[in-house]
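**Q** Okay, here's the structure, questions in a sec.
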Amino acid sequence: MNTSEPIAPTVESILAAACEREGGKERLSVEARSFPEAVAEAEKDGRTPVIAEVKPTSPTTKGVREDDPVELAREMVAGGATALSVLTEPEHFGGSPETLRRVREAVDVPVLRKDFLLRGEQLDVVEADLVLLIARFVDDLAGLVSAAKERGFQPLVEVHTAAELGEAIEAGADVVGINNRDLAQLEVDLATFESVASEAPEDVLLVAESGIGSKKDVRRMREAGADALLIGTAIMDGDVRENTREFTTT
């Protein structure tokens, strides 16, 4: 785990909880819905590929949204979402494996498990199509990427710097999320994606994460090379179907 640089206290608390969280009792074998195929289908249909995030709350948002996550997910898909992201971190994001399970049963698009996963056995808690692996916080990134693929998951490896991008590629990542949020200070800068994406190989599918709040931001990220965008707060704040449609309509 690369913690040589300062980390925001909130993130330290999240990581401490993640270290203590147990894994599943049995090794999973998943038949994943293809995220690259879903992205290609969205492009074919003239939609901007968006991963809409079902996020009840987070350390960087105010309040809690208490709507049924399944209904929110269905509305997002109706609005044109290419995939969904579902939080399973309970203490700080109000998520749960059961929520992800219910959502995945209710929709036919790929579903990302968003959590702070540190060890292989933590992959075995719930089936998903993609799993988020944060390069900065994983000791053996190549090992965890391999463990995820062996179970049938598609790893979405999150990075924030060009150095982390290099680690992700070396670890075998095919899908890379570039987080505009610096987890050291929780500050957001869209220029992060532009800088890091310029170093990415052409055959890697790039997802822009965090800070995307308008169609102008969408255009900026797409022009910088984003194949898809992960959008949470800006979709969850209001009518999720209409908000998703706004972001997916070019």
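The values are calculated or read from the model by the stated rules, or taken from the named source; none is laboratory data. Computed from a predicted model, the values in this text were never measured in an experiment. All Cβ positions, even for glycine, are placed from backbone atoms using ideal geometry, and neighbour counts span all protein chains on display.
**Q** Mind checking which residues of region 10-32 are exposed (fewer than 15 other Cβ atoms within 10 Å of the Cβ) and more than 7 Å from Asp124 (Cβ to Cβ)?
**A** Matches in region 10-32: Thr10, Glu12, Ser13, Ala16, Ala17, Cys19, Glu20, Glu22, Lys25, Ser29, Glu31.
**Q** Can you name every residue in region 112-149 that is under 15 Å from Ala32 (Cβ atoms) and of a type in the set (A, V, I, L, M, F, W, C)? Steps first, please.
**A** Start the filter on region 112-149 by keeping residues that are under 15 Å from Ala32 (Cβ atoms), which leaves 112-113, 123-124, 126-133, 145, 147-149.
Matches in region 112-149: Leu112, Leu123, Val126, Ala128, Leu130, Val131, Leu132, Leu133, Val145, Ala147, Ala148.
**Q** Give the residues of region 166-191 that are within 22 Å of Asp217 (Cα to Cα) and among the aliphatic types (A, V, I, L, M), sorted by residue number. Even if it seems obvious, please write down each step before you answer.
**A** Here is the first cut: in region 166-191, the ones within 22 Å of Asp217 (Cα to Cα) are 175-183, 185-191.
Val175, Val176, Ile178, Leu183, Leu186, Val188, Leu190, Ala191 - these are the residues of region 166-191 that are within 22 Å of Asp217 (Cα to Cα) and among the aliphatic types (A, V, I, L, M).
**Q** Further, regarding this structure: Only one of these is closer than 22 Å to Ile212 by Cβ and among the acidic types (Asp, Glu): Asp140, Asp67, Asp108. Name it. It would help to see each step written out before you state the result.
**A** Details: Asp140 fails: closer than 22 Å to Ile212 by Cβ; Asp108 fails: closer than 22 Å to Ile212 by Cβ.
Residue meeting the stated conditions: Asp67.
**Q** Restricting to region 33-46, give me the number of residues that are over 17 Å from the mean Cα position of the chain (by Cα) and either surrounded by 13 or more Cβ atoms within 10 Å (Cβ to Cβ) or within 22 Å of Glu89 (Cα to Cα) (or both).
**A** Summing the residues that are over 17 Å from the mean Cα position of the chain (by Cα) and either surrounded by 13 or more Cβ atoms within 10 Å (Cβ to Cβ) or within 22 Å of Glu89 (Cα to Cα) (or both) in region 33-46 gives 4.
**Q** Can you tell me which residue within region 175-191, out of those that are part of a loop (DSSP other than H, G, I, E, B) and at pLDDT below 95, is nearest to Leu133 (Cα to Cα)?
**A** Kept after step one, since they are part of a loop (DSSP other than H, G, I, E, B), are these residues of region 175-191: 180, 183-186, 189-190.
The next check asks that each one be at pLDDT below 95; those that pass are 183-186.
On the way: Leu183: 14, Ala184: 17, Gln185: 20, Leu186: 18 Å.
In this case the residue turns out to be Leu183.
**Q** A further question on this structure: Report the residue count in region 123-174 for those that are part of a loop (DSSP other than H, G, I, E, B) and not hydroxyl-bearing (Ser, Thr, Tyr). Steps first, answer last, please.
**A** Within region 123-174, the first condition is being part of a loop (DSSP other than H, G, I, E, B), and the residues that meet it are 126-129, 138-140, 152-153, 160-161, 171-174.
So of that shortlist, the ones also not hydroxyl-bearing (Ser, Thr, Tyr) come out as 126-129, 138-140, 152-153, 160, 171-174.
Residues meeting the conditions: 14.
**Q** Restricting to region 125-140, what's the tally of residues that are buried (at least 24 other Cβ atoms within 10 Å of the Cβ) and farther than 28 Å from Ala106 by Cα?
**A** Result for region 125-140: 1.
**Q** Here are some conditions: (1) crowded, with 20+ Cβ neighbours inside 10 Å; (2) modelled with pLDDT of 95 or more. Arg101 meets all but one. Which one does it not meet?
**A** (1)
**Q** If the requirement is being out of contact with any Ser or Thr (no Cβ under 9 Å at 6 or more places or on another chain), of a type in the set (A, V, I, L, M) and at pLDDT 95 or above, which of these qualifies: Ala148, Ala171? Walk me through it before giving the result.
**A** Details: Ala171 fails: out of contact with any Ser or Thr (no Cβ under 9 Å at 6 or more places or on another chain).
So the residue among Ala148, Ala171 that is out of contact with any Ser or Thr (no Cβ under 9 Å at 6 or more places or on another chain), of a type in the set (A, V, I, L, M) and at pLDDT 95 or above is Ala148.
**Q** Could you list, ordered by first residue, the pairs with Cβ atoms under 8 Å in which the first is in region 158-171 and under 12 Å from Val207 (Cβ atoms) and the second is among the small types (Gly, Ala, Ser) and outside any helix (DSSP H, G or I), at least 6 apart or interchain?
**A** As it stands, the answer is Glu158/Gly177; Val159/Gly177, since those pairs meet every condition given.
Yes/no per residue for (1) under 30 Å from Pro9 (Cα atoms); (2) without any contact (Cβ under 8 Å) to a residue 12 or more places away in the chain; (3) assigned to a loop (DSSP other than H, G, I, E, B):
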residue	(1), (2), (3)
Phe193	yes, no, no
Val196	yes, no, no
Glu202	no, yes, yes
Val207	yes, no, no
Arg219	no, yes, no
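**Q** With the condition kept exactly as written, say whether any residue in region 97-115 is touching a strand residue (DSSP E or B) at 6+ places or on another chain (Cβ under 8 Å), hydroxyl-bearing (Ser, Thr, Tyr) and closer than 20 Å to Leu28 by Cβ.
**A** yes
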